[in-house]
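Peer 1: First the structure, which I've put down as structure tokens, then a few questions once you've had a look.
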Amino acid sequence: MTTSIRDLRKWKSEGKKFTMLTAYDYTTARWLDRASIPVLLVGDSLGMTMLGYPDTLSVTMDDMIRHAGAVVRGAPNALVIGDLPFMAYHASAEDAIRNAGRFLQEARVQAVKMEGGGRVIEYTRQLAAMGIPVMAHLGLTPTFVNQFGGYRVQGRSDEAAEQILNDAKALEEAGVFAVVLEGIPSTLGERVTKALAIPTIGIGAGPHCDAQVLVIQDVLGLTPDHVAKFVRQYAKLGDAIEAAARQFDQDVRDGAFPTPEHEYSAR
Ligand code: KIV
């Protein structure tokens, strides 16, 4: 049965931890659905993992819709969430409504995610009132990379921690069904998790969050360069891809592929 936003709140009330993974394409979504991952996020991190940009800022709504539709088609059992990218909701509530609506109508995701507090709190209220579920995202929010001066842990000062806690409470009151907490001290992750009735989903926010999310390339060992402190690699698929490609190349050059079992007969 497809995961719903009601399941997430129920799991929190039962103390049952759960997972979310990012997905950006049909094939990966199928495997993650087979693995019973209950929540898939089509993150704007696809700007880096799929499109090769240095950050998420160049990602457009059209990019997101194309990838989100593929994930929805591959994962009939997961709750699929579309990440509203930079400038999709920054100028007005009207943009937020129109772009969130596109996600549900064109890609058929069940919910959207927005980064930050501030005006996002009011946008959340409006979207929720129109039947569009919203996931919040606080802490090291990647579209604020220029404001933060790099990818730095957030919420370390008392004042910054209070701001994140208060934003989380205000977003819950406005109707978000879950909050992603990224790149904050574990102690703050625990405080926010205890203060909310809705689940917190942590990435670099410690073990006390109700759920954990990671980027699928990190989990599968497909990130060739720097691996962040909060990541655990559960496979080394990058090495496997390189070895397979090298072997194919070698076999063709040696005449070891194709062999008769790969050939079609004339009749
Ligand atoms: O875009 C993304 O992948 C995200 C997750 C890291 C939470 O926002």
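Peer 1: What does the charge count around residue 119 come to, taking other residues whose C-beta lies under 13 Å from its C-beta (Lys +1, Arg +1, Asp -1, Glu -1)?
Peer 2: -4
Peer 1: Most exposed first by the Cβ proxy, i.e. fewest other Cβ within 10 Å, how do 22, 27 rank?
Peer 2: Listing 22, 27 from fewest to most nearby Cβ atoms yields 27, 22.
Peer 1: Here's another thing I want to ask about it. By the gyration tensor of its Cα atoms, with a ≥ b ≥ c the square roots of the eigenvalues, what is the shape of the stretch 82-194: rounded for a/c under 1.5, prolate for a/b over b/c, or oblate?
Peer 2: Here the stretch 82-194 falls in the prolate category.
Peer 1: With N residues in the stretch 43-85, what two-decimal value do you get for its Cα radius of gyration over 2.2 N^0.38 Å?
Peer 2: For the stretch 43-85, the normalised Cα radius of gyration comes out at 1.14.
Peer 1: Now a separate question. For the chain, compute the orientation-averaged projected area of the C-alpha convex hull (one quarter of its surface), in nm².
Peer 2: Working: hull surface 69.6 nm².
Spelled out: convex hull of the Cα atoms, projected over all directions, averaged, 17.4 nm².
Peer 1: Show me the ranking of peptides 203-215, 237-249, 185-197 by mean Cβ neighbours inside 10 Å, starting with the highest.
Peer 2: In descending order of packing, they fall as 203-215, 185-197, 237-249.
Peer 1: Between the stretch 1-20 and the stretch 67-141, how far is it from one alpha carbon centroid to the other, in angstrom?
Peer 2: 19 Å
Peer 1: Give me Rg over Rh for the stretch 1-116, both radii from the alpha carbons and Rh done the Kirkwood way, two decimal places.
Peer 2: Looking at the stretch 1-116, the ratio lands at 0.98.
Peer 1: Please rank 112, 252, fewest neighbouring Cβ atoms within 10 Å first, as an exposure proxy.
Peer 2: The order, fewest Cβ neighbours first, is 252, 112.
Peer 1: Defining a contact as two alpha carbons under 8 Å apart and six or more residues distant in sequence, what relative contact order in percent does the chain show?
Peer 2: On the way: 486 pairs, mean separation 40.7, N = 267.
After rounding, I find 15 percent.
Peer 1: How many angstrom lie between the Cα centre of the stretch 246-267 and the Cα centre of the stretch 157-209?
Peer 2: Distance between centres, Cα-based: 55 Å.
Peer 1: Within straight cross-link reach of residue 169, meaning Cα distance under 20 Å, which lysines are found once same-chain residues fewer than 8 apart are removed?
Peer 2: 10, 12, 113, 194
Peer 1: Taking the number of other C-beta atoms within 10 Å as the exposure measure, put 141, 2 in order starting with the fewest.
Peer 2: By the 10 Å Cβ count, ascending: 2, 141.
Peer 1: Restricting to DSSP H runs of at least four residues, report the calculated mean residue ellipticity at 222 nm for the chain, -39500 (n - 2.57) per run over all residues, nearest 500 deg cm²/dmol.
Peer 2: Computed ellipticity for the chain at 222 nm equals -12000 deg cm²/dmol.
Every number here is computed from the coordinates shown, using simple stated rules; none is lab data. Predicted model, so just to flag it, every value in this text is computed and none were measured. Cβ: placed from backbone, ideal geometry, glycine included. Neighbour counts: every protein chain shown.
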